[in-house]
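Asks: Structure below; questions to follow.
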Amino acid sequence: MGPYRLLVLAGPEVDELEVIGLAYAATFAGWRVTFAGPKGAPLRGGRGIALPLDKTFDAIEATAYDALFAPSGAPTDSAARALVAAFADGPAVPRVLAMTNDALTRLRDLPALANLPAATPDEGVRLEGGRLVAARAGDLPALVHALESYARVHWPRTGARP
(Lines give C-alpha, C1' and ligand atoms only; values in the text may rest on other atoms or scores of the structure.)
Protein backbone atom coordinates (compact mmCIF):
# COMPACT_ATOMS: atom_id res chain seq x y z
CA MET A 1 0.00 0.00 0.00
CA GLY A 2 1.02 3.61 -0.15
CA PRO A 3 2.73 5.80 -0.62
CA TYR A 4 0.80 7.59 2.07
CA ARG A 5 2.12 10.88 3.39
CA LEU A 6 2.90 11.34 7.08
CA LEU A 7 3.76 14.71 8.60
CA VAL A 8 5.76 14.48 11.85
CA LEU A 9 5.89 17.50 14.17
CA ALA A 10 9.33 18.19 15.57
CA GLY A 11 10.42 20.76 18.13
CA PRO A 12 12.89 21.41 20.91
CA GLU A 13 10.94 19.41 23.52
CA VAL A 14 9.92 16.35 21.47
CA ASP A 15 11.06 12.88 22.34
CA GLU A 16 13.47 12.17 19.51
CA LEU A 17 13.24 8.42 19.98
CA GLU A 18 9.49 8.55 19.37
CA VAL A 19 9.91 10.77 16.32
CA ILE A 20 12.70 8.75 14.74
CA GLY A 21 11.18 5.38 15.72
CA LEU A 22 7.77 6.19 14.28
CA ALA A 23 9.30 7.69 11.13
CA TYR A 24 11.45 4.59 10.61
CA ALA A 25 8.51 2.22 11.06
CA ALA A 26 6.28 4.32 8.79
CA THR A 27 8.98 4.51 6.11
CA PHE A 28 9.44 0.74 6.32
CA ALA A 29 5.67 0.38 5.83
CA GLY A 30 5.90 2.47 2.65
CA TRP A 31 4.85 5.88 3.93
CA ARG A 32 6.55 9.10 2.80
CA VAL A 33 7.60 10.92 5.96
CA THR A 34 8.12 14.69 6.24
CA PHE A 35 9.58 16.29 9.35
CA ALA A 36 8.25 19.76 10.12
CA GLY A 37 9.49 22.12 12.79
CA PRO A 38 9.76 25.75 13.78
CA LYS A 39 11.94 28.20 11.91
CA GLY A 40 15.59 28.15 12.83
CA ALA A 41 18.22 25.48 12.58
CA PRO A 42 19.58 23.16 13.70
CA LEU A 43 16.76 21.51 15.60
CA ARG A 44 17.44 19.35 18.62
CA GLY A 45 14.83 17.50 20.62
CA GLY A 46 14.48 17.17 24.38
CA ARG A 47 17.38 14.69 24.64
CA GLY A 48 19.71 16.90 22.58
CA ILE A 49 19.66 14.65 19.49
CA ALA A 50 19.63 16.48 16.16
CA LEU A 51 16.44 16.00 14.15
CA PRO A 52 16.09 16.23 10.39
CA LEU A 53 13.87 19.04 9.20
CA ASP A 54 12.28 18.90 5.77
CA LYS A 55 10.01 21.94 6.11
CA THR A 56 9.05 24.62 8.57
CA PHE A 57 5.52 24.74 9.97
CA ASP A 58 4.62 27.81 7.93
CA ALA A 59 5.64 26.04 4.69
CA ILE A 60 3.28 23.09 5.22
CA GLU A 61 0.02 22.66 3.33
CA ALA A 62 -1.96 20.36 5.65
CA THR A 63 -4.11 18.97 2.85
CA ALA A 64 -1.01 17.48 1.21
CA TYR A 65 -0.70 14.89 4.02
CA ASP A 66 -2.73 11.83 4.94
CA ALA A 67 -1.67 11.74 8.58
CA LEU A 68 -0.01 13.94 11.19
CA PHE A 69 1.92 12.60 14.18
CA ALA A 70 2.28 14.74 17.31
CA PRO A 71 4.85 13.07 19.60
CA SER A 72 5.45 13.52 23.32
CA GLY A 73 6.70 17.07 23.86
CA ALA A 74 4.91 18.23 20.71
CA PRO A 75 5.38 21.90 19.88
CA THR A 76 2.52 24.14 20.99
CA ASP A 77 3.34 27.36 19.16
CA SER A 78 0.66 28.91 16.98
CA ALA A 79 1.95 27.41 13.71
CA ALA A 80 2.11 23.87 15.13
CA ARG A 81 -1.31 24.29 16.73
CA ALA A 82 -2.76 25.41 13.39
CA LEU A 83 -1.49 22.22 11.74
CA VAL A 84 -2.92 20.00 14.49
CA ALA A 85 -6.22 21.88 14.32
CA ALA A 86 -6.36 21.36 10.55
CA PHE A 87 -6.28 17.61 11.15
CA ALA A 88 -8.40 17.58 14.32
CA ASP A 89 -11.12 19.91 13.01
CA GLY A 90 -11.23 18.48 9.51
CA PRO A 91 -13.15 15.43 8.41
CA ALA A 92 -11.99 12.20 10.01
CA VAL A 93 -11.68 10.70 6.55
CA PRO A 94 -9.41 10.80 4.68
CA ARG A 95 -6.91 12.30 7.13
CA VAL A 96 -5.69 10.89 10.45
CA LEU A 97 -4.34 12.68 13.50
CA ALA A 98 -2.03 10.44 15.55
CA MET A 99 -0.56 11.47 18.88
CA THR A 100 0.71 10.27 22.22
CA ASN A 101 -1.19 10.91 25.46
CA ASP A 102 1.42 13.57 26.30
CA ALA A 103 0.74 15.45 23.07
CA LEU A 104 -3.00 15.18 23.67
CA THR A 105 -2.52 16.74 27.11
CA ARG A 106 -0.40 19.57 25.68
CA LEU A 107 -2.97 20.33 22.96
CA ARG A 108 -6.16 19.55 24.89
CA ASP A 109 -7.42 23.15 24.67
CA LEU A 110 -8.01 22.79 20.92
CA PRO A 111 -11.82 22.49 20.64
CA ALA A 112 -11.73 19.33 18.50
CA LEU A 113 -9.55 17.56 21.08
CA ALA A 114 -11.36 18.72 24.22
CA ASN A 115 -13.40 15.52 24.58
CA LEU A 116 -11.03 13.02 22.96
CA PRO A 117 -10.26 10.36 25.57
CA ALA A 118 -6.68 9.40 26.27
CA ALA A 119 -5.56 5.84 25.58
CA THR A 120 -5.18 3.56 28.57
CA PRO A 121 -2.13 1.31 28.99
CA ASP A 122 -4.39 -1.70 28.47
CA GLU A 123 -5.62 -0.35 25.12
CA GLY A 124 -2.22 0.74 23.86
CA VAL A 125 -3.72 2.63 20.92
CA ARG A 126 -7.20 4.15 20.79
CA LEU A 127 -8.92 5.01 17.49
CA GLU A 128 -11.83 7.41 17.67
CA GLY A 129 -13.19 9.27 14.67
CA GLY A 130 -9.95 9.32 12.68
CA ARG A 131 -7.90 10.26 15.73
CA LEU A 132 -5.34 7.76 17.03
CA VAL A 133 -3.90 8.13 20.52
CA ALA A 134 -1.02 6.00 21.81
CA ALA A 135 -0.79 5.51 25.57
CA ARG A 136 3.03 5.48 25.65
CA ALA A 137 6.08 5.41 23.41
CA GLY A 138 6.19 1.61 23.53
CA ASP A 139 2.89 1.61 21.63
CA LEU A 140 4.35 3.32 18.55
CA PRO A 141 4.65 0.10 16.50
CA ALA A 142 0.94 -0.48 17.16
CA LEU A 143 0.29 3.14 16.16
CA VAL A 144 2.01 2.60 12.79
CA HIS A 145 0.04 -0.62 12.32
CA ALA A 146 -3.18 1.26 13.11
CA LEU A 147 -2.24 3.99 10.59
CA GLU A 148 -1.61 1.37 7.92
CA SER A 149 -4.85 -0.46 8.70
CA TYR A 150 -6.80 2.80 8.60
CA ALA A 151 -5.26 3.63 5.22
CA ARG A 152 -6.15 0.22 3.78
CA VAL A 153 -9.77 0.65 4.81
CA HIS A 154 -10.14 4.19 3.53
CA TRP A 155 -8.00 3.87 0.39
CA PRO A 156 -8.56 0.25 -0.70
CA ARG A 157 -6.98 -1.43 -3.71
CA THR A 158 -4.96 1.42 -5.23
CA GLY A 159 -3.25 2.64 -2.09
CA ALA A 160 -3.59 6.19 -3.40
CA ARG A 161 -5.34 8.83 -1.42
CA PRO A 162 -8.49 10.33 -2.94
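The values are calculated or read from the model by the stated rules, or taken from the named source; none is laboratory data. From a predicted model like this one, the values you see are computed outputs, not experimental measurements. Note: ideal-geometry Cβ built from the backbone for every residue, glycine included; neighbour counts use all protein chains shown.
Asks: For the range 40-79, how many residues are more than 30 Å from SER149 (Cβ to Cβ), at pLDDT 85 or above and among the charged types (D, E, K, R)?
Replies: Residues in the range 40-79 being more than 30 Å from SER149 (Cβ to Cβ), at pLDDT 85 or above and among the charged types (D, E, K, R): 2 in total.
Asks: If only one of ASP58, ASP77, ASP89 is closer than 21 Å to PRO111 by Cβ, surrounded by fewer than 18 Cβ atoms within 10 Å (Cβ to Cβ) and in contact with a helix residue (DSSP H, G or I) (Cβ under 7 Å, 6 or more places away or on another chain), which one is it?
Replies: So the residue among ASP58, ASP77, ASP89 that is closer than 21 Å to PRO111 by Cβ, surrounded by fewer than 18 Cβ atoms within 10 Å (Cβ to Cβ) and in contact with a helix residue (DSSP H, G or I) (Cβ under 7 Å, 6 or more places away or on another chain) is ASP89.
Asks: Anything in the range 24-44 that is among the small types (Gly, Ala, Ser), surrounded by 20 or more Cβ atoms within 10 Å (Cβ to Cβ), in contact (Cβ under 8 Å) with a residue 40 or more places away in the chain and out of contact with any Lys or Arg (no Cβ under 6 Å at 6 or more places or on another chain)? List them, or say none.
Replies: Narrowing the range 24-44 to residues among the small types (Gly, Ala, Ser): 25-26, 29-30, 36-37, 40-41.
This time we only want the ones that are surrounded by 20 or more Cβ atoms within 10 Å (Cβ to Cβ), so: 26, 36-37.
Filter again for in contact (Cβ under 8 Å) with a residue 40 or more places away in the chain, leaving 26, 36.
Within the range 24-44, just ALA26 meets the criteria.
Asks: Which residue out of ALA25, ALA36, ALA82 is part of a helix (DSSP H, G or I), hydrophobic (A, V, I, L, M, F, W, C) and modelled with pLDDT of 85 or more? Steps first, answer last, please.
Replies: Details: ALA25 fails: modelled with pLDDT of 85 or more; ALA36 fails: part of a helix (DSSP H, G or I).
That would be ALA82, the only listed residue that is part of a helix (DSSP H, G or I), hydrophobic (A, V, I, L, M, F, W, C) and modelled with pLDDT of 85 or more.
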